[in-house]
Ligand code: URA
């Protein structure tokens with residue numbers, strides 16, 4: 001891999017910044033100052049330093065964000081994307097939200113630059129379960145719950161059966177294995193209720209870390225990452 005690619009892939013420097021830093025003698029490879037940003041390095045074996053700091057290579061990043069309301073799950077150029085809640089190096093390293101939560105939905109959002117794993121986790125074939133704490137505008141009758149648990153006809157498709165755990169007639173946890181646009185809102189609307197609170201608390205093996213305030217994030221732990229990669233296969 002080229003030296004400048006090494007720095008851009010971890011979000012540490014842009015190509016231009018890498019060239020400038022190399023020119024200034026701020027980058028070394030295996031103890032020697034390296035002024036040529038196009039030189040090839042082995043990220044797993046070579047010792048690369050920038051301004052005296054050893055830079056370790058990570059191909060992929062996996063972050064858990066507790067998404068607040070008011071942010072869109074996208075990387076487009078706008079001030080209110082979830083990416084703006086993270087240090088800019090993650091976006092520079094190609095990270096993106098794995099799936100979408102609506103602007104008013106809060107909770108667990110996985111952010112990664114591992115496109116392959118994200119694709120597998122989002123594939124309808126994998127049936128990755130997602131659980132949401134919800135509050136709806138109408139009390140759910142047994143009949144409405146039964147419809148949700150059997151699968152609801154949304155016109156363009158019929159949903160797979162959802163699992164429901166109610167804490168009260170208007171509140172509870174709903175789990176689904178699909179991830180269509182506005183799916184839960186559409187499912188509830190189809191049985192006759194609106195939604196006034198939606199928080200994702202589980203995504204596959206990941207559980208929302210409730211020690212994260214809204215807008216806070218952390219890297220996945222090794223165990224979480226292993227479980228996630230196992231599910232992705
Ligand atoms: N279902 C929805 O309706 N909205 C979300 O954000 C997630 C699931």
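Every read-out reported here was derived from the displayed coordinates using simple, explicitly stated rules and does not represent laboratory data. Keep in mind that what you see is a predicted model, and the values were worked out from it rather than measured. Cβ coordinates were reconstructed from backbone atoms using ideal geometry, including for glycine residues, and neighbour counts include every protein chain displayed.
Highest mean first, how do 89-97, 32-40 rank when packing is the count of other Cβ atoms within 10 Å averaged over residues?
89-97, 32-40
For residue 16 and residue 221, what is the calculated FRET efficiency with R₀ set at 35 Å and r taken between the beta-carbons, to the nearest 0.05?
0.50
For the range 154-233 and the range 7-25, what is the separation of their Cα centres, given in Å?
So the separation of the two Cα centres works out to 40 Å.
Testing the spin-label approximation: label points 7 Å from Cα along Cα→Cβ at residue 78 and residue 100. State their distance in nm.
Modelled inter-label distance: 0.9 nm.
Per 0.36 nm of contour for each residue apart, how much would the distance between residue 209 and residue 158 grow if the chain were fully extended, relative to their Cα-Cα spacing?
15.2 nm
What number, rounded to the nearest 500 deg cm²/dmol, is the helix-based mean residue ellipticity at 222 nm of the chain, given -39500 (n - 2.57) per DSSP H run of at least four residues and division by all its residues?
The per-residue figure over the chain is -7000 deg cm²/dmol.
Using the Cα gyration tensor of the range 3-54, with a ≥ b ≥ c the square roots of its eigenvalues, what is the shape: rounded (a/c below 1.5), prolate (a/b larger than b/c) or oblate (neither)?
rounded
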